[in-house]
Amino acid sequence: MAWRIEWDEQALKELRKLGASAARDVIDYLRKRIAVADSPRRFGKALTSDKKGLWRYRVGDYRIVCRIEDDALIVLVVRIGHRSKVYDK
């Protein structure tokens with residue numbers, strides 16, 4: 001089963017602000033681990049409270065916040081950032 005990775009505009013802006021190495025690590029993680037997984041939930045953690053319905057993945061000190069759309073096999077990246085700031089907004 002192959003999942004399609006899609007990007008929210010905000011996430012693309014945040015990705016561009018990361019350093020080249022960190023951005024490459026994030027993209028590689030999504031392509032090599034999440035896109036080819038039977039279930040992308042296996043590698044992430046469900047968020048709670050006001051972010052219920054979103055999932056997060058850890059890549060070093062960075063977090064990728066996604067919405068998983070099972071019916072369309074889409075993982076929509078909504079936020080990317082350092083672990084200390086990604087959940088603020």
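The values are calculated or read from the model by the stated rules, or taken from the named source; none is laboratory data. It should be emphasised that the depicted structure is a prediction, and the values quoted were computed from it without experimental measurement. Note that each Cβ is placed from the backbone with ideal geometry, even for glycine, and that neighbours are counted across all protein chains shown.
Counting only residues that are within 17 Å of I74 (Cβ to Cβ) and over 12 Å from the mean Cα position of the chain (by Cα), how many does region 29-53 have?
6
Is it the case that R56 is under 11 Å from the mean Cα position of the chain (by Cα) and not acidic (D, E)?
Numbers: under 11 Å from the mean Cα position of the chain (by Cα): yes; not acidic (D, E): yes.
Yes, satisfied.
What are the residues in region 43-89 that are in contact with a Cys (Cβ under 7 Å, 6 or more places away or on another chain) and more than 14 Å from Y29 (Cβ to Cβ), if any?
Those that are in contact with a Cys (Cβ under 7 Å, 6 or more places away or on another chain) and more than 14 Å from Y29 (Cβ to Cβ): L54, L76, V78.
Mind checking which residues of region 1-28 are assigned to a helix (DSSP H, G or I), without any contact (Cβ under 8 Å) to a residue 40 or more places away in the chain and more than 15 Å from V78 (Cβ to Cβ)? If you could, list the steps in order and put the result at the bottom.
So the first thing to find is which residues in region 1-28 are assigned to a helix (DSSP H, G or I), and the list is 9-17, 20-28.
With the extra rule that they be without any contact (Cβ under 8 Å) to a residue 40 or more places away in the chain, the set shrinks to 9, 12-13, 16-17, 20-21, 23-25, 27-28.
Of everything in region 1-28, those that are assigned to a helix (DSSP H, G or I), without any contact (Cβ under 8 Å) to a residue 40 or more places away in the chain and more than 15 Å from V78 (Cβ to Cβ) turn out to be R16, K17, A20, S21, A23, R24, D25, I27, D28.
Considering every residue within region 6-26, establish whether at least one is more than 21 Å from Y87 (Cβ to Cβ), surrounded by 15 or more Cβ atoms within 10 Å (Cβ to Cβ) and aliphatic (A, V, I, L, M).
no
Which numbered condition in (1) out of contact with any strand residue (DSSP E or B) (no Cβ under 6 Å at 6 or more places or on another chain); (2) touching a residue at least 12 places away in the same chain (Cβ under 8 Å); (3) hydroxyl-bearing (S, T, Y); (4) within 19 Å of A2 (Cα to Cα) is the only one that S39 fails?
(2)
Hey, among the residues in region 43-87 that are over 19 Å from S21 (Cα atoms) and of a type in the set (D, E), which one's surrounded by the fewest Cβ atoms within 10 Å (Cβ to Cβ)?
Per the stated criteria, the residue is D71.
If you take the residues of region 54-87 that are among the hydroxyl-bearing types (S, T, Y) and assigned to a loop (DSSP other than H, G, I, E, B), which of them is modelled with the highest pLDDT?
Narrowing region 54-87 to residues among the hydroxyl-bearing types (S, T, Y): 57, 62, 84, 87.
Filter again for assigned to a loop (DSSP other than H, G, I, E, B), leaving 84, 87.
Working: S84: 93, Y87: 88.
Only one residue tops the list, namely S84.
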